[in-house]
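Any read-out appearing in this document is the output of simple, stated calculations on the displayed coordinates, not a laboratory observation. Bear in mind that the values here come from a model prediction, so they are computed numbers and not experimental data. Using ideal geometry, Cβ is built from the backbone for each residue, glycine included, and neighbour counts are taken over all protein chains shown.
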Amino acid sequence: MDKRWEKLGDLLVNYSMEVKPGEKVMIAMTEVETYPLMWAVYKASVKAGAFVQVQFLSEELNRLVLKYGREKQIDWVPEIEAYGMEWSDVYFGLRGAHNLNVFWDIPADKLSALRRSMGKISAMRWEKTRWCLLRVPNAALADQAGVDEETITDMFFDACFIDWRGESKKWGRWVDILNRGRNVRVVGRDTDLSFSVEGRTWAVADGKLNMPDGEIATSPVESTVNGQIYFEFPGVLGGRLVNDIFLRWEKGKLAEASSSTNQDFLKELLNTDPGAKLIGEFAFGTNPKINLFCRDILLDEKIGGTVHIALGRSYPHTGGTNKSVIHWDIIKDLRKDGKVYLDDKLIFENGRMLL
C-alpha cells in the first residue's frame, strides 16, 4: 500500500480532528476504492485511543433506490446513518469518485427528493459532530479531470501535505482585514455581483473540515445581493453537468437563471425550497497545489485563484441565516480578468490576493 495513505491517516486523525482517547469515531467510506484510506484512518484512530465504527455507502446503491424504490423509500432518511451522527464525536466522510453518469436516466424530481433526505443527514453532521470530508482519488476521478490516475493522485497528496500551520497563519492575516470590510464586489467575465458582509464573519478553511482544504469563506447578507455572475466551470451535482450557468439577483431575490445544458435540472434545484435561490456562501479558493478542474467540488472549490458561491444552506459559524436542504457550490474562475473589491478597494486581481 502507498505509504502516503498512512501519512494522510495520521494527518486527519491528529491534525484535522485531533482525536482524543475515549472518543467515538465514525468512518463513512463511499465506494470500495476508499479502503486504503479507511484502513489508515482506522489505524490512526485506534492508536489515538478512540472507539471506531465503519459504514459503507455508494452512489450505485443510491441509484438502485432511485430506479426501483417507491416515493416513501426515496424520501426515507436512513436511521443508521442518522444514528451514526448522534453516536459519534468525530465523523470522517471518505468519498470515492464515481461515474458522473450514474444518474443519467433518473428524473430531476427524484434526485431532488433524495438530496432533501440526504440533506437532513448533512444538517445533523453540522449539529452533532466534528467532521472532515474528503474526495479520495481513483480512476473515476482521473477520468473526470482528463488525466491519468498517477497525476491526479500526486496532485491530491501534494495538496494534502502543504504547510497547514504556515498557510493558516497567512490566511488568518487576510481574514483579519476582510472582517473589517462591509461590502464586496466581484467583477469578471459577464459578472458584476455585489453584496454586504456587514455583521458576518470570514472563516479560514485550513484542513479541519476538508482535506485537501484551502478556502476563505463567508455568508453574504442574503437581502443585499445584487447583480449577475457567470460561471466558466460547469456546476456538478448528482452526476449532472450544468454548463454556462448565469444567475442574476435584484435586492436579494433571484431574477434570472439560465444554463446551456440541463436547464430543467437547474430550475428543479432552485425550486428545492425557498432558500435554494439564495447565496449561502461566498469564498476564495486558496490551495496553491490544486490546479486541475476535476468536476468535483471537494477539490475544485479549493483551486487557488478562483472564487465560488453556494446556493442554499449557509454556514452558521460565519453568521449566515439562510436555511435549505441543499448547499451547491459553483466555481468562478478569476485567474484572467477577474477582480474583487472590498469597500471599493481592489483586494484580488487575476487570481492573486493583494492583501
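Structure notes:
- The chain, relative contact order [Cα under 8 Å, separation at least 6], %: 14 percent
- The range 266-307 - Debye-derived log10 I(q)/I(0), Cα point model, q = 0.20 Å⁻¹: -0.70
- Among Cys132, Phe103, Ser219 the positive-end extreme of the charge dipole of the range 82-236 (Cβ point charges): Ser219
- When the Cα positions of Ala50, Ile80, Val65 are compared along the charge dipole of the range 3-136, Ala50 comes out farthest toward the positive end, with charges on each C-beta of Lys, Arg, Asp and Glu.
- Per-residue Cβ neighbour rank within 10 angstrom, fewest leading, Ser196, Ser258: Ser258, Ser196
- Contact order for the range 41-152, expressed relative to its length and based on alpha carbon pairs under 8 Å spaced 6+ residues apart, stands at 30 percent.
- Near Val25: Cβ cut-off under 13 Å, other residues only, Lys/Arg at +1 and Asp/Glu at -1. The net charge is +2.
- C-alpha center-to-center spacing [the range 266-287, the range 27-105] in angstrom: 24 Å
- Whole-Å semi-axes of the ellipsoid equivalent to the range 164-353 (Cα gyration tensor, √5λ, descending): 23, 19, 16
- Radius of gyration (Cα atoms) of the range 236-302, expressed as a multiple of 2.2 N^0.38 Å: 1.25.
- Charged side chains reduced to their Cβ positions (Lys and Arg at +1, Asp and Glu at -1) give the range 49-197 a dipole of some 800 debye around its Cα centre.
- Beta bridges by DSSP in the chain, antiparallel share as percent, to the nearest 5: 70 percent
- The chain - Rg (one decimal) and Dmax (whole number), Cα, Å: 19.6, 55
- Net charge of Cβ neighbours under 14 Å - reference Arg352; Lys, Arg +1; Asp, Glu -1: +1
- q = 0.10, 0.21, 0.24 Å⁻¹, the range 117-196: log10 I(q)/I(0) [Debye, one scatterer per Cα]: -0.52, -0.98, -0.95
- About its Cα centre, the chain has a charge dipole of approximately 840 debye under the convention of +1 per Lys or Arg Cβ and -1 per Asp or Glu Cβ, with nothing else charged.
- Likely footprinting exposure, Ser16, Ser58, Ser260, fewest C-beta neighbours within 10 Å first: Ser260, Ser58, Ser16
- Over the range 3-136, equivalent-ellipsoid semi-axes from the Cα gyration tensor in Å: 29, 17, 10
- Taking other C-beta atoms within 10 angstrom as a stand-in for reagent exposure, Asp213, Asp300, Asp158, Asp148 fall in the order Asp148, Asp158, Asp300, Asp213, fewest first.
- Where trypsin sites (Lys or Arg not before Pro) fall in DSSP loop in the range 175-256, at most 11 other Cβ within 10 Å: Arg180, Lys251
- By the helix-only formula, in which each DSSP H run with n ≥ 4 contributes -39500 (n - 2.57) and the sum is divided by residues, the chain has a 222 nm mean residue ellipticity of -9500 deg cm²/dmol.
- Test item: Cα-centred dipole of the range 164-353, Lys/Arg +1 and Asp/Glu -1 on Cβ, debye: 480 debye
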